[in-house]
Amino acid sequence: MTHDEAKAILQACRGDAAEASDPQVAEALEMAQEHPELADWQKNEMNFDQAFSESFSEVQPPEGLKERILASVEAPKVETESERTAIPFPPAERQWWQNPKLISMAASIVVIFTFGVLVMDPQGLMADPEVPQFYSDVAEATHTFPKMETRSDDLDHLREFLASKGAPRPGEMLPKVDPLAEIGALTSDWQGAPVSIVCMKGDSYYQLHIIAISVFGEDGMIPTSPNVEQHGEIAILFWADNDHLYVLSMKGSATDLAQML
């Protein structure tokens, strides 16, 4: 769950006991306890709601407002059967392009043409995912600590686990990334493509996201050399080999992460 998702859930809460039993609400509340920034946001929201509620309860409508509104509305006149007049409508004349048979024929041609395009070029109507969007989504995911599916400090064991799940199997690491201690792994997906996530520990906590390069098509802006970027409070280091794109993320500055280059 991201911070934005947690905020949306907490904004909708009324604070009763039934909501606390909801798993998503419980997760959002737990995130608010673990992240000071989210806790401060929730406190401000609650203070605003309380102040608004108190101010709203003090508003009193002017005396006699309801009666004046009702008196100003004229009661609708009820017509008797004899007073009703039938209004004759002339038969509608359709233009040639409004002929239902022609419309049906045109729709069939469109369907056949679209089907033909999809059969001959199934990628023609769908753009390849973009690498920068993957970077942004990895940075957003780094705000939370994922639930690992397996725990191990042996990278070969994690490789075997990920391969058994049909997820990308990490290859060689960068020389300064390789000494980081693996603590576990899990599998995920991004826009329908499998993603491997290896959790690592050093001076900081790291997440290594691995995805197949083929997901991004031929013009996917795959990096030709390792580089770093800053996404808010998250820094990412990315590189690629012949088969996979790697994104190492951490909470901190890109300057600190650049020491891994």
Exercise for review: Could you tell me whether any residue of region 144-153 is outside any helix (DSSP H, G or I), open to solvent by 20 Å² or more (accessible area, probe 1.4 Å) and without any contact (Cβ under 8 Å) to a residue 24 or more places away in the chain?
Suggested key: no
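In this structure, is L158 within 21 Å of the chain's Cα centre (by Cα) and either crowded, with 20+ Cβ neighbours inside 10 Å or in a loop (DSSP other than H, G, I, E, B) (or both)?
On the way: within 21 Å of the chain's Cα centre (by Cα): no; either crowded, with 20+ Cβ neighbours inside 10 Å or in a loop (DSSP other than H, G, I, E, B) (or both): yes.
Against the criterion (within 21 Å of the chain's Cα centre (by Cα) and either crowded, with 20+ Cβ neighbours inside 10 Å or in a loop (DSSP other than H, G, I, E, B) (or both)), L158 does not qualify.
The values are calculated or read from the model by the stated rules, or taken from the named source; none is laboratory data. Everything quoted here is computed from the prediction, not taken from an experiment. Here the Cβ is made from the backbone with ideal geometry for all residues, glycine too, and neighbour counts use every protein chain on show. Accessible surface areas use protein heavy atoms only, side chains included; no ligands, DNA or RNA. Shrake-Rupley method; radii C 1.70, N 1.55, O 1.52, S 1.80 Å.
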